[in-house]
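Could you have a look at this structure, given as structure tokens, before my questions?
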Amino acid sequence: MSGGIETLYVISVAAELAGMHPQTLRQYDRIGLVIPKRTKGRGRRYSAQDIAELREVQRLSQEEGMNLAGIKQVLKLQRALSRLAAENQQLRQRLAIYERGRGRVFSAGPNGEVSPLTKFPTSRAPVGQELVPYLPGQIVLWGGKRY
């Protein structure tokens, strides 16, 4: 969670919210199915996401007839999908920023002529200079060479 305090639940409350017995949650923790956070004293603390995963385990087991090994793989793939979706969103936001800046980035030629960059250099920066992403309104010059 970003920017806020995450609510965590002790095992008895988490078990009740998930509709399971606390011993089931302990077993799922032992086999690596749903792993809660730990206190300094090693007590289990379950997040809302953990409880949602516990409910999903129960649904997959009861409604779909999956075994725990299959459920573990499904949860692993769902977690990976969530991470990739978040990364994709961040990259799309960065791309939108770069695209809004396109047309406002210029190059200057050796005779002083200034022209907008229509193609941003991506393959190689000039020798001794590193290629860095540009920001909207930034002027980019590399030895007078037009890109």
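Where residues in region 37-48 are in a loop (DSSP other than H, G, I, E, B) and not β-branched (Val, Ile, Thr), which of them is least open to solvent (accessible area, probe 1.4 Å)?
At the first step, the residues of region 37-48 found to be in a loop (DSSP other than H, G, I, E, B) are 39-43, 47.
Filter again for not β-branched (Val, Ile, Thr), leaving 40-43, 47.
Working: LYS40: 211, GLY41: 71, ARG42: 147, GLY43: 23, SER47: 4 Å².
That would be SER47.
Further question: Looking at ARG55 and the list (1) within 21 Å of the chain's Cα centre (by Cα); (2) under 18 Å from LEU77 (Cα atoms), which single condition is not satisfied?
Going through (1) within 21 Å of the chain's Cα centre (by Cα); (2) under 18 Å from LEU77 (Cα atoms) one by one, ARG55 breaks only (1).
Next question, about the same structure. Being under 23 Å from the mean Cα position of the chain (by Cα), outside any helix (DSSP H, G or I), aliphatic (A, V, I, L, M) and surrounded by 12 or more Cβ atoms within 10 Å (Cβ to Cβ) narrows it down to one of VAL74, VAL34, so name that one. Give the derivation first.
On the way: VAL74 fails: outside any helix (DSSP H, G or I).
Criteria check complete, one pass: VAL34.
Here is a follow-up. Check whether at least one residue in region 10-29 is in a loop (DSSP other than H, G, I, E, B) and either basic (Lys, Arg) or open to solvent by less than 20 Å² (accessible area, probe 1.4 Å) (or both), and report yes or no.
Keep residues of region 10-29 that are in a loop (DSSP other than H, G, I, E, B), which gives 10, 19-21.
After this cut, where a residue has to be either basic (Lys, Arg) or open to solvent by less than 20 Å² (accessible area, probe 1.4 Å) (or both) as well, the list is none.
Within region 10-29, not a single residue is in a loop (DSSP other than H, G, I, E, B) and either basic (Lys, Arg) or open to solvent by less than 20 Å² (accessible area, probe 1.4 Å) (or both).
May I ask you to say which residue of ARG79, ARG92 is part of a helix (DSSP H, G or I), at pLDDT 85 or above, closer than 30 Å to TYR28 by Cα and open to solvent by 70 Å² or more (accessible area, probe 1.4 Å)?
Values: ARG92 fails: closer than 30 Å to TYR28 by Cα.
Sole residue among the options that is part of a helix (DSSP H, G or I), at pLDDT 85 or above, closer than 30 Å to TYR28 by Cα and open to solvent by 70 Å² or more (accessible area, probe 1.4 Å): ARG79.
The values are calculated or read from the model by the stated rules, or taken from the named source; none is laboratory data. Since we're looking at a predicted model, the values are computed, not measured. Backbone-built Cβ (ideal geometry, glycine too); neighbour counts: all protein chains shown. Note: accessible area is taken over every heavy atom of the protein model, side chains too, but ligands, DNA and RNA are not part of it. Shrake-Rupley method; radii C 1.70, N 1.55, O 1.52, S 1.80 Å.
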